[in-house]
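Have a look at the structure below before the remarks.
The values are calculated or read from the model by the stated rules, or taken from the named source; none is laboratory data. Please read all numbers here as calculations on a predicted model, not as lab measurements. Because the Cβ atoms are built from the backbone with ideal geometry, glycine has one as well, and the counts that use them run over all protein chains shown. Ligands, DNA and RNA are excluded from the accessible area calculation, which covers all protein heavy atoms including side chains. Shrake-Rupley method; radii C 1.70, N 1.55, O 1.52, S 1.80 Å.
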Amino acid sequence: MDPLSVLRDYAARNELDKIIFSGDDILFGSDYTFPANTPTAFTSKQSNRPYPLSAAVFLAQHHDLKHTDFIQAARLRRIPPVSLPDRKTFLDFLRYGHNSLPSADPLLPSAFAPPETHLHPPSPPPEDPAAADEATTGKQIRALERPFKDRNALLDARGRDFLAVFQAALRRLDEQRKGGGKDAAPSSRTDSGAGAAALAKPKVVDRALGDGVVPIILVPSASQTLITIYNVKEFLEDGVFVPSEERMRATKGGKPESVTVQKKLIRAERAGAAGGAVSFEVRDKPASLKSDDWGRVVGVFVLGKEWQFKDWPFKDHVEIFNRVIGFYVRFEDDSVEAAKVVKQWNVKIISVSMG
């Protein structure tokens, strides 16, 4: 049984939700089980290489996502993403229902033809000398190739500290607070009437980090974001990015309410006599913060969406990023459009590589 034919039947019956990823296999209900890396007749127009079954199933189940969100979600699941030129070809194929592919369809229609029975093995077609030479040259080149790094090795960013920008921003925020907020934008100090009083401004604790105050960093609770409460500790302490879903599977006992991150500041004297180590409390539920807690918030990882700050006790994102340091983590090969809104905010953009 061809796995793409099975996938097309499930799509025609609106039963794509019954297809489950289980380890290295894909379960089609209780009917069939195929290895996730099974090559299919669905090939890339650019490389002419077949997509694995996992890529076809993931596209069928998430075709409603925007392409940039789809690429990011596939990478988080470690599934080869289907390129934009190939999406329409495959989605049109799924809509053919139970019928076979038409002969004019470019998606390898011969791959779904029933096998022919031969009494004697068919004679091989005459070999093209030019094609044979090209294949031989390709084999020679691949024999000389030496892989130095894979995607996992690139994610192991030893010797790189993603916190350099974060700590520099913390120092700037601390200096602003000690100076009475001289650098704050006028929009955060105006409008002192009844409307501003109704915003319930948070209590600001004007203390240095070494005065017994544990600063708070907020991360998004959305599962599709790169930094969550599951992988933030490794990212901030070691400068290593590990997909959130991978850490989620390894976490026992449910989702933590908060995570404690410890880091040594570049200038140890700023942390007092505690050996230069500063503790940060990381949370992902802003609604649970009290007035005093909001005064301890020093950093936030942003999604790039305005609704993330809907219930925050601040006027707008201008006031937020005058009080709190914002960070936006993205893949370095993501499109510029994905960070278009963030570039209008006073946040730091950190790019990570997936290899």
Residues of the range 296-316 being surrounded by 19 or more Cβ atoms within 10 Å (Cβ to Cβ) and either more than 23 Å from the chain's Cα centre (by Cα) or of a type in the set (Val, Ile, Thr) (or both), in sequence order, are 296, 297, 298, 300, 302, 312, 314
Here the residues within the range 72-95 that are among the aliphatic types (A, V, I, L, M) and surrounded by 14 or more Cβ atoms within 10 Å (Cβ to Cβ) are 73, 74, 76, 79, 82, 91, 94
Taking the range 12-26 and keeping only residues that are assigned to a loop (DSSP other than H, G, I, E, B) and either in contact (Cβ under 8 Å) with a residue 40 or more places away in the chain or open to solvent by 50 Å² or more (accessible area, probe 1.4 Å) (or both), one is left with 13, 14, 23, 24
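Take the residues in the range 37-55 that are over 14 Å from residue 4 (Cβ atoms) and either touching a Ser or Thr at 6+ places or on another chain (Cβ under 6 Å) or among the polar types (S, T, N, Q) (or both); name whichever of them is least open to solvent (accessible area, probe 1.4 Å).
As a first pass, look at the range 37-55 and keep what is over 14 Å from residue 4 (Cβ atoms): 37, 44-49.
If we keep only those that are either touching a Ser or Thr at 6+ places or on another chain (Cβ under 6 Å) or among the polar types (S, T, N, Q) (or both) as well, we get 37, 44, 46-48.
On the way: 37: 116, 44: 14, 46: 151, 47: 66, 48: 119 Å².
Once the filter is applied, the top-ranked residue is 44.
Using the structure shown, decide if residue 65 is in a loop (DSSP other than H, G, I, E, B), surrounded by fewer than 19 Cβ atoms within 10 Å (Cβ to Cβ) and of a type in the set (A, V, I, L, M).
On the way: in a loop (DSSP other than H, G, I, E, B): yes; surrounded by fewer than 19 Cβ atoms within 10 Å (Cβ to Cβ): yes; of a type in the set (A, V, I, L, M): yes.
It is true that residue 65 is in a loop (DSSP other than H, G, I, E, B), surrounded by fewer than 19 Cβ atoms within 10 Å (Cβ to Cβ) and of a type in the set (A, V, I, L, M).
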Among residues of the range 300-355 being of a type in the set (Val, Ile, Thr) and not in a strand (DSSP E or B), the residue nearest to residue 222 (Cα to Cα) is 302
Only one of (1) more than 18 Å from residue 347 (Cβ to Cβ); (2) part of a loop (DSSP other than H, G, I, E, B); (3) modelled with pLDDT of 85 or more does not apply to residue 211, and that is (3)
By residue number, the members of the range 300-355 that are closer than 19 Å to residue 67 by Cβ and in contact (Cβ under 8 Å) with a residue 40 or more places away in the chain are 303, 330, 331, 334, 335, 337, 338, 342, 354
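Give the range 27-36 a look and list any residue that's open to solvent by less than 60 Å² (accessible area, probe 1.4 Å) and either touching a residue at least 60 places away in the same chain (Cβ under 8 Å) or touching a strand residue (DSSP E or B) at 6+ places or on another chain (Cβ under 6 Å) (or both), or say none.
We begin by selecting, within the range 27-36, every residue open to solvent by less than 60 Å² (accessible area, probe 1.4 Å); these are 27-29, 34, 36.
Scanning the range 27-36 gives 27, 28, 34, 36.
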